[in-house]
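Note sheet for the following structure.
Bear in mind these aren't lab numbers, they're just calculated from the coordinates by the rules spelled out. Because the structure is predicted, anything quoted here is derived from the model rather than measured. Every residue, glycine as well, gets a Cβ built from its backbone with ideal geometry; the counts of neighbours run over all protein chains shown.
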Amino acid sequence: MRNQGGGDGLRVWGWLAALVLVMALAGCGDGRLLSRREVAERLERKYGEAFAITSSEGVEDHPDDIWWARRYTAVSKERPEREFFVFDIVTGESGGVFGFVNGLRDTYALDVFFEAFRQYAEEAGVEYGVNYDRTPYRVSEEYYSGLEIVIEPVGPDALGTVCQVLADACGDTLEAIPGAAGKSVEVRVLLRYREEAWEEGAYCAYRVSLFSAMNFDYEVETERFVSAEALEESVLAEVRRWLGKEGDS
């Protein structure tokens, strides 16, 4: 009986091992870091242009929920003078289902946008703060894979200027990198809108992920990001919704 039980146990473990393998293969990766060629191919699919990987280095000091991570430096073959970072992040779960996942993040369009934004903001006198995404690093002063631009407080008189700065920076980015439209560029904006007549400390928080918003037809709403008027109306629409909720409470 013990031999039979042992055989059943082996069969169970074999079945579980096969199940894990199937789920891993059904996921978005196979539990390994991508090769340089694979990273370049993914970037090409994302942006529609060819890239070259110039160097790579493992990331050792990463959060516990990340299994493995690697940092690459890359250049567009059309713009070899502009070097940027790519991060390959391997985790072991996807949507609550076990399976290896490669999360590739890059700073290609992000760098172009942020350079343009800083210049326009300085010229317009727009003050802002920046929160950096350090993934996949646990602590890093040099490397970041995304950012959030925080602008506050913004009132009716300054809103048009702020939206113009954002629209101009988006327009420059999409002119330089058309493939960034509709992609995950990892640029978020938090704008805190406030009017003097409101109670002290009251403000409406407007959040948007630039470049990547979609409408219900899954077509890129490019106009929303390159038009200051469209951005301003989007903010004011959120303010109207917020005021309605405040009035109901």
**Asked** At a Förster distance of 22 Å, what's the computed FRET efficiency of residue 82 paired with residue 37, Cβ-Cβ distance as r, to 0.05?
**Response** 0.60
**Request:** For the stretch 55-157, run through the GluC sites (Glu not before Pro) and keep only the ones in DSSP coil with at most 14 other Cβ atoms within 10 Å of their Cβ.
**Result:** 60, 78, 127, 141, 142
**Request:** Would you kindly state how much longer the chain becomes between residue 44 and residue 158 on full extension, computed as 0.36 nm times their sequence separation minus their alpha carbon distance, in nm to one decimal?
**Result:** 37.2 nm
**Request:** Can you run the Rg to Rh ratio on the stretch 110-248? Use alpha carbon positions and the Kirkwood inverse-distance Rh.
**Result:** 0.98
**Request:** Please list, or write none, the lysines whose alpha carbon is within less than 17 Å of the alpha carbon of residue 46, excluding same-chain residues fewer than 8 places away.
**Result:** 77, 183
**Prompt:** Across 10 Å bins from the origin, how do the percents of Cα pairs in the stretch 78-152 run, short distances first?
**Reply:** 15, 37, 31, 13, 3
**Ranked packing of 63-72, 169-178, 196-205, most packed first, by mean Cβ within 10 Å** = 169-178, 63-72, 196-205
